[in-house]
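Read the structure below first, then the notes.
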Amino acid sequence: MARLPANQPTLVDDPVTGYRHRYCRRCGRELTDPDSRLTGYGPNCDPARRPRAAAEHQVEQDPLPGT
């Protein structure tokens with residue numbers, strides 16, 4: 001995981017929180033898209049955009065011959 005600079009500047013643009021992220025919270029890359037800066041995640045790292053794993057399910061199988 002990339003280390004963020006200790007003196008990361010705060011950008012005040014969000015009327016609700018008063019804060020926008022400058023670097024991705026997962027990979028540390030600089031964020032350029034305004035929507036990404038509000039969420040704090042880049043487009044490839046955003047958990048809301050990532051597909052979830054399929055639910056595990058059991059399948060009936062015939063025994064292997066010779067065992």
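The values are calculated or read from the model by the stated rules, or taken from the named source; none is laboratory data. Values in this document were obtained by computation on a predicted structure and should not be read as measured data. Counting neighbours? That spans all protein chains shown, and the Cβs are built from the backbone with ideal geometry, glycine included. Note: areas computed on protein heavy atoms with side chains; ligands, DNA, RNA excluded. Shrake-Rupley method; radii C 1.70, N 1.55, O 1.52, S 1.80 Å.
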Neighbours by Cβ (under 8 Å, 6+ apart or cross-chain): first from the range 32-54, under 10 Å from Arg20 (Cα atoms) and of a type outside the set (Asp, Glu); second in a loop (DSSP other than H, G, I, E, B) and open to solvent by 100 Å² or more (accessible area, probe 1.4 Å): Gly40/Arg25
Working only within the range 16-42, note down all residues that are assigned to a loop (DSSP other than H, G, I, E, B), exposed (fewer than 12 other Cβ atoms within 10 Å of the Cβ) and at pLDDT 85 or above. Thr32, Asp33
